[in-house]
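Report on the following structure.
FYI, it's all coordinate maths here, none of it is from the lab. Since the model is a prediction, treat every value here as computed from it, not as a measurement. Every residue, glycine among them, receives a Cβ derived from its backbone with ideal geometry; neighbour counts consider all protein chains shown.
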Amino acid sequence: MQALPKSLTTTETLQRLIQLLLEKKTLLRGLRVGNAGSRVTETDQATMLLDRVMQVTRSALDLDEFPPRDPKVKLSRRLNRLPRQVVSLYGLLLPVGLLFLYLTLHESETSEALWIVRGAIFSLFVLPLLFYRRARINIEHECGYVRDSKGRSVIVIDQLRTVQFQSYLAHEYGHHLYFELDIAQKEEWMREGWARLLQWQVMLRLYQDENNPAYLYHVLLQIIGELKFACELISRIVHHRLPRQVRFMRTIYQRNPVLRLLTGTPGFDPTRLIEHAVGTAVFFLQADRIGPRETLLKRSFDEENREARRQGLSTKEIKTPQDS
């Protein structure tokens, strides 16, 4: 267990991170059900929402001069195809399941083995619904910031509900802004932490403007999952046992693939989760000390980076809890 930024690898930092995590979890529990809005289906609507996110970002950072180039937004529309895929899956499984169910009903004697077979048949009827929920949650989380063949910035995102759409737009726009502002640090965890903190600030502004708790829901789920993962990593380095309420805290990052299928939580790449978790921990701790705007506009974490480079550290060298 190594390669975390030096500023994270102390018991004091872990305690403060746990406090931040519990504060965010308490905030999530206290949220009322908000209006998530309808799904964004048209490019014009998506562009309008991106303009709104950019305006709120300007206000949050209080910047007069912004990069001249704005990204485009592209709807991937994979959610549109998902219902047809589920219908096709039922078209394959339903006749087979009904046939085998018919054959078992003609058995005169009932036995434990027969009930196991019937249970397996009924699972065929449930499988497409599990596939739908699993695929939908993964599609919703698979938005990204890319540059096309002509060097233009593009945010690729699916037809999410309006509030979730803006939340994920804010994060991806953070990646665009990080690139355009030419912030010195190029480490992946720096980019992810910067974008997550910006996303949080934008969604706070939208929540305050509209008094709609839904604006905080999705970003809190992401922050809580990443902060908990960071706490797990740090606790192993400093040999400090996490409190019970942290150890048993449920997040969207479920390691068991069977439970992910049953609960509908998204899949994840452990290496990518490390980068997100480290970045979120560093930036939210810094924002707690000096303020979010000052943290976002701070051009460098030079002292931490010099120490990391001196030791030849990289977040890709960290073992995840499931590898230990």
- Message: Run the numbers for R133 and S59: contour at 0.36 nm per residue of separation, minus the present Cα-Cα distance, in nm.
- Response: 23.0 nm
- Expressed in Å to one decimal, the Kirkwood Rh of the range 21-174 from all distinct alpha-carbon pairs is 19.5
- Item | Footprinting exposure proxy for F268, F125, F248 (fewest neighbouring C-beta atoms within 10 Å first) | F248, F125, F268
- Which far-off residues, 5 or more places away or on another chain, put their amide H under 5 Å from the one on K72, with H placed in the peptide plane? S153, V154, I155
- Filtered trypsin sites (Lys or Arg not before Pro), the range 145-228: DSSP coil and at most 13 other beta carbons within 10 Å: K150, R152, K186
- Task: Enter the Cα centre distance for the pair the range 38-102 and the range 125-169, rounded to the nearest angstrom.
- Result: 5
- Cα-Cα pairs of the range 24-78 separated by more than 19 Å (percent): 53
- Item | Sorted by Cβ density within 10 Å, fewest first, the residues W189, W200, W115 | W115, W189, W200
- For the range 80-139, one quarter of the surface area of the C-alpha convex hull, expressed in nm², comes to 4.4
- Item | Value of D in µm² per second that Stokes-Einstein yields for the chain, Kirkwood Rh from Cα pairs, at 10 °C (1.306 mPa s) | 73
- Message: List the residue ranges in the chain for DSSP H helices whose C-alpha atoms run 18 angstrom or more along the long axis and whose Kyte-Doolittle average is 0.5 or above.
- Response: 78-105, 112-141, 214-238
- Here are some pairs, K228/K298; K25/K74; K24/K72; which of them have Cα atoms lying more than 29 Å apart in this structure? K25/K74; K24/K72
